[in-house]
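> Could you have a look at this structure, given as structure tokens, before my questions?
The values are calculated or read from the model by the stated rules, or taken from the named source; none is laboratory data. Just so you know, these numbers come straight off a predicted model, no measurement behind them. Here Cβ is always computed from backbone atoms with ideal geometry, including for glycine, and neighbour counts include all displayed protein chains. Just so you know, the surface numbers come from the protein's heavy atoms only, side chains and all, with ligands and any DNA or RNA stripped out. Shrake-Rupley method; radii C 1.70, N 1.55, O 1.52, S 1.80 Å.
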Amino acid sequence: MITRRQLLTGTAAGLGAAALPSAAAAEPTTTGRPRPNIVLVLVDDLGYGELGAYGQRTIATPRLDRLAAEGLRFTDAYSAAAVCAPSRSALLTGLHAGHGPVRNNPGGDPDSIAFSDGDTTFAEVLRARGYRTGLFGKWGFGPERGDQPSHPNARGFDEFLGYLTHGHAHDYYPSYLWHNGERLELPENAGSNTATFAPDLFQERALAFVRAHRSEPFLLVVTPNLPHAPSDVPSQEPYADEDWPSADRGHAAQVTRVDTYVGELVDELAAQGLLDSTVLLFTSDNGPHEEGGSDPDRFDANGPLTGYKRNLHEGGVRVPLLAWAPGRIRPGVTDRITQQTDLLPTLADLAGVPGPRDIDGRSFGSLLQPRPTAAPAQPYLYFWRLDNGNTRRARAVDDGRLQRAAEAVREGNWKAIRWAPGRDRTVPDDQWQVELYDLARDLGETTDLAAAHPEVTARLVGLLRGSWVDEVTREGYGVEFDVPELLLPGVTHQLTATLANGSTVPWTGARLVLSVPPGWSVVPTTSPGLGRLAPGARVNTTWRVRAPERTTAEQWLLTVAGHAVARDAPLTFRAARRVTAPPPPPTTDAYLSDLPWITATNGWGPVERDTSNGKQPAGDGTPISFGGTGYAKGLGVHSHSEVTYHLGGRVARFTSVVGIDDFSARQSSRGNTIAEVWADDRLVHTSGVLRAATGPEPVDVDVRGARLLRLVVRAADSGNSFNHTSWADAYVRLG
């Protein structure tokens, strides 16, 4: 575990590097254009009108206003959703909510909004081109575990510091954060203490990232949770003396603090001599919020637009977007209709790497050149909303329909919004309420033209209907790695890796390289050199690998790298799997309750009491009683159950007594199960139907040569809640 001081001084081992190293920095140009560093600042719930450059007159944002004057200001930029999780997913993947992996905010279950392998982010695309990648702040996808496919490290970011889950990011003074795959404890914030303001920590780490990687191309993504509710901030200056409610003073101070952060980033880029080689982008994930007592109308937070966070009207989804790079981006204003799904192809364009082609976004990279040219936009933009939030102003804008399923489309200056009668989007079109607006004449969406233009309404409803796909199958882009969940020492296993060219251009020199821990044997069974890959092609390589018979490792790291060249640019994609090494096999005769298990499903007793099993002293097994006869040690389970132990080929016999124990029988006499013993893939024992009335059955089986012992209990009929079963005196003998 690292400390906060180590984090900020860079003294912790591995600081600045994630589980996977970036590809080595390649040549500095691609097709004659320098590859710029890229800094993206994504803030939380900042409205279209909350910057001076977009009309704000109360909250001070001088540094951002200067960037807007010196760079390119987008007037028609959009998030892809009116709440943060689907919006941020679309920004990262280039897929709007009708196609993307995350379509709603979580309903209290972080696992419900998680990325999977194959959900390619722009960080993965740029890392393949040699960019060092870092994200500091709010992530908001997936469970609170370090080694899983929805973690930022697994989705392309070399370094991460911040909140993993959506809900955790609502706490500005958390007691812990995540640094890569480890928790960073902040004991100074324990209880209700407010010593460390998390956004300040993200800012400090972002500045250190710039300094650490100034000599290589980098992608820096800064995602402070400001100015999301609550309106917490270390100081309400310069608004502390304003005659406003505290929530509004705090909110204004949050916005100005964001402005200060951006100014500090610009100053650091200047200090490192990086202004000429960096593109900075600034945007927000959706419209202004009204939670925590904050009044967005005090600041005219949505400017000339109607709607707030959660509304699909313009105020909920139109957001500020600034692009700044002195000497590279010509100052000006653009009304290109731009959604944040366009960021992935744009960043790929800037980096000179062909990104995935099965996305919704279109690059606006040609606007970010010294001599800009037109950047064709998407033919239309799609938006989706299904959320449990029910705030007053947003509810009024939606005319009481805020918690219904809703979707919107913008095609040119036409904008259609429709609401389902409830939360089910599969109802027929004629059950939806549709409104149509002409944004060229009615930016505030005050006049519904659906009845006056039925042909336009029908066409846009068709676009809405066609924009949703229940299950999206991606083409594949980069490396996929197939590793068995369980690897055993001394046993040969097969690993497979695939390199997929999901781009629009051919790749040449394709090959896959496997890295394994020291001492492993590796034999390729197919050629690792794959040659030329046409767009859409997928090829794979397999290896037979064997871990040493004796190992002290607790985890094994397996890494595969896919190399190719596209448009004269070298690409290196990487994927890693961390596999838990099995515990050592028994060295003496032993009770199972004294041995560590590999996996356990529906186990209690020592499995439930001691999830690491084997770390408690001998005697921690649960006492078991059958028909009044007691057994000192046992293992209790509930069908369907499976508990697996590592024997390593050293055990000769397994003995036990298995049945419905007295404790379970007192709960109900209805329990009835069948118990099985497996030695590797061999079924070596099957009990009869076990009932409390008929008593337990003895087990005595030969398991010589078996590396795994699996104890399985399944229901003998359709199953019931009383199928508790116990393995009493479960014992292994070496000879």
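> Of all the C-alpha pairs in region 248-399, what % are more than 22 Å from each other? Write out the running numbers ahead of the final one.
Details: 6125 of 11476 pairs.
Pairs farther apart than 22 Å: 53 percent.
> Starting from the Kirkwood Rh over alpha-carbon pairs, what translational D in µm² s⁻¹ does region 33-168 have by Stokes-Einstein at 25 °C and 0.890 mPa s? Intermediate results must be reported in sequence, preceding the final value.
Numbers: Rh = 16.4 Å.
Taking Rh from Cα pairs, D becomes 149 µm²/s.
> Helix by helix through the chain, keep the DSSP H runs that span 24 Å or more along the axis on Cα and average at least -0.5 on Kyte-Doolittle, and give those back in order.
Working: long enough: 246-271 (37 Å, -0.16).
Length and hydropathy pass: 246-271.
> Go ahead and estimate [θ] at 222 nm for the chain from helices alone: -39,500 (n - 2.57) per DSSP H run with n ≥ 4, summed, over the residue count, rounded to 500.
-4500 deg cm²/dmol
> For residue 507, what accessible area in Å² do you get when you roll a 1.4 Å probe over the heavy atoms of the protein chains, rounding to the nearest 10?
Using a 1.4 Å probe on the heavy atoms, I get roughly 0 Å².
> Follow-up. Please report Rg (one decimal) and Dmax (integer) in Å for the Cα set of the chain.
29.3, 89
> Using the Kirkwood formula on the Cα atoms of region 314-463, what hydrodynamic radius do you get, in angstrom to one decimal?
Values: mean 1/r = 0.0573 Å⁻¹.
Result for region 314-463, one decimal place: 17.5 Å.
> Now for a different question. Mind checking which of 443, 426, 396 is farthest towards the positive end of region 374-477's charge dipole, using Cβ charges of +1 (Lys, Arg) and -1 (Asp, Glu) about the Cα centre?
Farthest towards the positive end: 396.
> Relative contact order of the chain, please, whole-number percent, based on alpha carbon pairs below 8 angstrom and at least 6 residues apart. Intermediate values should be presented prior to the final figure.
Working: 1874 pairs, mean separation 87.9, N = 735.
Averaging sequence separation for qualifying contacts and normalising by length gives 12 percent for the chain.
> Evaluate the charge dipole of the chain about its Cα centre and quote only its size in Debye, nearest 20, assuming +1 on the Cβ of each Lys and Arg and -1 on the Cβ of each Asp and Glu. Numbers along the way, then the final one.
Values: 71 positive and 85 negative charges, 415 e Å.
Roughly 2000 debye, rounded to the nearest 20.
> May I ask you to give the percent of accessible area on the chain that is carbon plus sulfur, with a probe radius of 1.4 Å? Walk me through the numbers on the way to the answer.
Details: 13500 of 27840 Å².
The C+S portion of the solvent-accessible surface of the chain is 48 percent.
> Residues of the chain: accessible area per residue at 1.4 Å, in Å²?
Details: 27840 Å² over 735 residues.
I get 38 Å² per residue for the chain.
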